[in-house]
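The values are calculated or read from the model by the stated rules, or taken from the named source; none is laboratory data. The structure presented is a predicted model; accordingly, all values stated were derived computationally and were not measured. In this analysis, Cβ positions are derived from the backbone assuming ideal geometry, glycine residues included, and neighbour counts consider all displayed protein chains. Only protein heavy atoms, including side chains, enter the accessible area calculation; ligands, DNA and RNA are left aside. Shrake-Rupley method; radii C 1.70, N 1.55, O 1.52, S 1.80 Å.
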Amino acid sequence: MPRTRFDKLAAPKRDPIKATILERKDATDTSLEAMAAALGVSVATLSRMLAKHTDAWPLGQIKRLYRFFKLDAADLREDIRA
């Protein structure tokens, strides 16, 4: 049976890296402006990044956000493997 577009919609891909970043953002009450400044990008660019899966993000930007939120490298490794 051929694949369809509905296959992608039926099983959304998990994104533990984004979940960790957004949880920390909410817990620390951090604004998008502060996060964008930490990355060196505009708020619009950060919003577009957040709309995508973290597979499309450069690893350097993921590392910067983890450092910005003072998360350990072990947390990043764990999230990558999940």
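Going by the structure shown, is A36 among the hydrophobic types (A, V, I, L, M, F, W, C) and either over 13 Å from the mean Cα position of the chain (by Cα) or at pLDDT 95 or above (or both)? So that I can check it myself, show each step before the final result.
On the way: among the hydrophobic types (A, V, I, L, M, F, W, C): yes; either over 13 Å from the mean Cα position of the chain (by Cα) or at pLDDT 95 or above (or both): yes.
Considered against the rule, which asks whether it is among the hydrophobic types (A, V, I, L, M, F, W, C) and either over 13 Å from the mean Cα position of the chain (by Cα) or at pLDDT 95 or above (or both), A36 comes out as yes.
Of all residues in segment 23-57, those satisfying the criterion of being closer than 15 Å to R67 by Cα and either in contact with an Asp or Glu (Cβ under 8 Å, 6 or more places away or on another chain) or of a type in the set (G, A, S) (or both) are A34, A36, A37, A38, G40.
Here's a check for you: in segment 24-41, which residue that is in a helix (DSSP H, G or I) and of a type in the set (D, E, K, R) is least open to solvent (accessible area, probe 1.4 Å)? By that ranking, first place goes to K25. Based on this model, can you work out whether A44 counts as modelled with pLDDT of 95 or more and either outside any loop (DSSP other than H, G, I, E, B) or of a type in the set (V, I, T) (or both)? Yes: the conditions hold for A44.
When you check L76 against the structure, is it modelled with pLDDT of 90 or more and open to solvent by less than 50 Å² (accessible area, probe 1.4 Å), yes or no?
Numbers: modelled with pLDDT of 90 or more: no; open to solvent by less than 50 Å² (accessible area, probe 1.4 Å): yes.
When the stated conditions are applied, L76 does not pass them.
When segment 14-71 is filtered for residues that are within 17 Å of A82 (Cβ to Cβ) and of a type in the set (S, T, N, Q), the ones remaining, listed by number, are T20, T54.
Listed by first and then second residue, the pairs with beta-carbon distance under 7 Å, at least 6 apart or on different chains, first residue in segment 49-60 and touching a residue at least 40 places away in the same chain (Cβ under 8 Å) and of a type outside the set (K, R), second outside any helix (DSSP H, G or I) and open to solvent by less than 90 Å² (accessible area, probe 1.4 Å), are H53/D15.
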